[in-house]
Structure formats: structure tokens, C-alpha cells
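Read-outs throughout are calculated quantities, based only on the coordinates presented, and are distinct from any laboratory measurement. Remember, it's a predicted structure, so these values are computed and weren't measured experimentally. With ideal geometry, Cβ positions are generated from the backbone for all residues, glycine too; neighbour counts draw on all protein chains shown.
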Amino acid sequence: MKINNIAVIGAGTMGNGIAHVLSLINKNTFLIDVDEQRIDKALSVISKNMDRQITKGLISDDDKRNALNNIKKIVQVENIPDDMDLIIEAANEDKNIKRNIFDLVNKIVSDDTILATNTSSISITELSRGLNQEKFIGMHFMNPVPVMKLVEIIRGYSTSDETFEKIKNLVIELDKTPVEVHDYPGFISNRIIMPMINEAIFSLYEGVASAEDIDTVMKLGMNHPMGPLTLADFIGLDVCLSIMNVLYEGFNDSKYRACPLLKKMVAAGKLGRKSGEGFFKY
């Protein structure tokens, strides 16, 4: 059976991006948050991002109109309809918050509902404890979701082949590329990119080069579209620190220790683009 009714929990950057792409392929998309104003803001962002797609000739005015009609807003997780085929949790990268959401969801939806988390680093197996583990899976979209083609599909220890295939087919339906990943800290994307970002921060911390020059080396020397410090600001330094801590605790290996400068900047509230200042000012 095809997946048609999909709830996205969390109306932040990732949640609104996921709702955006689902609505464009005519899925019944339910965007859920604890705050109605956050949902309204998300819908405004989705509308503006679709306008950009119209300008580039990627979608039509009718596509946008139909897509926005496909999105229904729901305030509070408790109000999710019980006939969902798939729930995608896209809340903050905090294990306790995610666990609490899934505990609530599990009391509402049927045993046939697939539960997915958009976590970028937290163990899928750990999040699935006490739930139907065969129907639990990771869907790690990249930011910005409407633009980026990759989705890491992460199998927990007990995720069934049927669940994996259904999610893989949905990702293909979204015109994105699915990559199968097993449940180890950081998966693939963050296990590789975060230590690189952390090493760039160490290079700045040790005075090897300025932030601008570190980024220039990686852009011009390695042909990266943006430098690692700019990327860290884009991701959010608090998110970078959280992922480094997951890697460090998961592998118990000192090579994953977070740079003291990263810790200090997060403590100071210098989180990158979202706070107006990180390694660069915005």
C-alpha cells in the first residue's frame, strides 16, 4: 500500500521543508506543533520558498496552490488523526523531547503506522524502545529540504525490510536519492562532516589561520560549495556541539571531542545564522 496520510511533527526549518516536499507530490500532509503561530510562520516560509521555485520554473502557480491545500495544521501532538500511514518527527535534536513525542504518538496511532525520526545523530534503536520497532526508522533529510537530493534512511536494530522498502519508495517518489545506513553514531553524513567542521574550529582556536582563510582553503582548494565554518553557522553551533557529543559518547574515542571554542561559543549564545553571529556575523 502507498503512503498517503503523513504527519510531520515540528514546524521548524526541517519540519516545514519536509511538509513542503510532501505536499508537492499530493500527500495529505499534517503539520503539527505546540504553537499555532509557529505553524503559521512555517506555512509562510513554505509559500515563499514555493514562489522561488515558481520563479525558477520548477513548479507552476497551480502546483503551489494544490500543495498548500494539501497541508493541514494541527496544534498539539495529541490531536493527530489516528489514520496516519506515516509520522515523521522533526523536533529539536534532543533525545528526551523525541522520546516524549513518540510515547504520545504511540497511544494514538494504529499498529500499522510507520514512525520515522528526522534525527541527524541520535540512535534509532534507542528511540524505538517500547514502540513497534519493526515499524520504526530514521529519515535524515538534508537542509534545505526542497533543494537537497539526499535522504539517509537509517535502519534500527529491528526495522523490517517492509518498512525500509516503503520509506525508500516514498523518498524516490519525492525525487530524492535514498541511501541505506545502519544505526551507528552520526550515521554517515555527520560522522564524516562533523569531525571536519570540528577540526576547522580547532584550527581557528589554535590560531593556524583566520575563519575567512580556513573557509577559502576548503572552498578553493577542495572545491566545497561553502567553507566548514560557514557551514557550521548554517547548521547551528548548538546542533554541531550536540552531534559531536553524540559521536564522542557513542564511540568513546577522543578524536570526537568537541573543540573548547565550540563549547564556549554555544555557552555565549553565538549559534550562527539563527542568532545573528557565529564564526561570522549575519
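The H on the amide N of ILE114, modeled in the peptide plane, is under 5 Å from the matching H of LEU86, ILE87, each at least 5 residues off or on a different chain. Between the beta carbons of LYS149 and MET222, assuming R0 = 22 Å, the FRET efficiency works out to 0.60 to the nearest 0.05. With a cut-off of 11 Å between beta carbons, the residues surrounding ASP233 carry a summed charge of +2, where Lys and Arg count +1 and Asp and Glu -1. The slack between GLU212 and ILE54, meaning 0.36 nm per residue of separation minus the straight C-alpha distance, is 53.5 nm.
Sorting 140-149, 48-57, 108-117 by their mean Cβ neighbour count within 10 Å, with the most densely packed peptide first, gives 108-117, 140-149, 48-57. Other residues with beta-carbon under 15 Å from the beta-carbon of ASN143 carry, at +1 per Lys or Arg and -1 per Asp or Glu, a net charge of 0. The SER158 and ASN245 beta-carbon pair, evaluated with R₀ = 35 Å, returns a calculated FRET efficiency of approximately 0.85. For the peptides 191-199, 58-66, the ranking by mean Cβ contacts within 10 Å, running from highest to lowest, is 191-199, 58-66. Here the Karplus relation 6.51 cos²θ - 1.76 cosθ + 1.60, evaluated at θ = phi - 60°, turns the backbone of the range 183-188 into coupling constants of 7, 10, x, x, 6, 10 Hz, with x for every Gly and Pro. Angle check, please: helix 161-173 long axis (alpha carbons) against the longest principal axis of the chain (alpha carbons), in degrees 0 to 90, nearest 10. Once rounded, one gets 80 degrees.
Label separation (ASN26 vs LYS281): 5.1 nm, computed from points 7 Å beyond Cα along the C-beta direction.
For the range 145-151, backbone phi angles converted through the Karplus equation (6.51, -1.76, 1.60; θ = phi - 60°) give residue-by-residue couplings of 4, x, 9, 7, 8, 8, 9 Hz, Gly and Pro being listed as x.
Relative intensity of the range 136-220 on a log10 scale, I(q)/I(0) at q = 0.10, 0.18, 0.25 Å⁻¹, equals -0.37, -0.81, -1.15, per a Debye sum over C-alpha point scatterers of equal strength in the absence of solvent.
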